1. Considering only DSSP states other than H, G, I, E and B, which GluC sites (Glu not before Pro) in the range 87-116 qualify as loop sites with at most 16 other Cβ atoms within 10 Å?
2. Sort all Cα-Cα distances of the chain into consecutive 10 angstrom bins from zero, then give the percent of pairs in each bin up to the one containing the longest distance.
3. How far is helix 90-99 tilted off the main Cα axis of the chain, in degrees rounded to 10, range 0 to 90?
4. So how do Val80, Val4 line up by other beta-carbon neighbours within 10 Å, fewest first?
5. Looking at the chain, send over the antiparallel percent of its DSSP beta bridges, to the nearest 5.
6. Taking the number of other C-beta atoms within 10 Å as the exposure measure, put Asp35, Asp83 in order starting with the fewest.
7. If you line up the long axis of helix 7-20 against the longest principal axis of the chain, both from Cα atoms, how many degrees apart are they, to the nearest 10?
8. Compute the distance from the alpha-carbon center of the range 77-113 to that of the range 1-40, in whole Å.
Amino acid sequence: MTSVMNETKWKRLNRAVSEELTYAPPYQIKYLGEDTLFPSDLLSEYEILWGEWDEIWLESRLRSIEWIRLRPSVLLYKGVILDPDVCDMSTELISILERERIPFILESETIQIFGYIRNTGIFEPT
């Protein structure tokens, strides 16, 4: 595997997302050597609490992130009867990633950011 991120880039991503996005994007993380996704196998469509987002960035875990998947378009819960609002932060999130030179790929409704990769060709345009 090849490392494509470092602690500095992960911290810059955290800071930019925390400062520039209105809502914390739902996420999934795959850690090196683990088969279980964190926080769960399903990527939520709903906004998460900023406290949950902040938990990702404990220094001891940054080096072991194989990848993180973000959902930039989130549903904002308004109650049982009302349909949720949709907040699309795709443009802002992609702008952050490009500005910080963080390698990512778009996959339908998600953005995947890699800490390590097996094949550098995944970033080639198809």
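1. Sparse-neighbourhood loop GluC sites (Glu not before Pro): Glu100, Glu109.
2. All Cα pairs, binned at 10 Å, distribute as 12, 45, 34, 8, 1 percent.
3. 30
4. By the 10 Å Cβ count, ascending: Val80, Val4.
5. 95
6. If I rank by nearby Cβ atoms, fewest first, I get Asp35, Asp83.
7. Relative to the chain, helix 7-20 is tipped by roughly 20 degrees.
8. So the two Cα centres are separated by 13 Å.
FYI, it's all coordinate maths here, none of it is from the lab. What you see is a predicted model; the values in this text were computed from it and never measured. Note: ideal-geometry Cβ built from the backbone for every residue, glycine included; neighbour counts use all protein chains shown.
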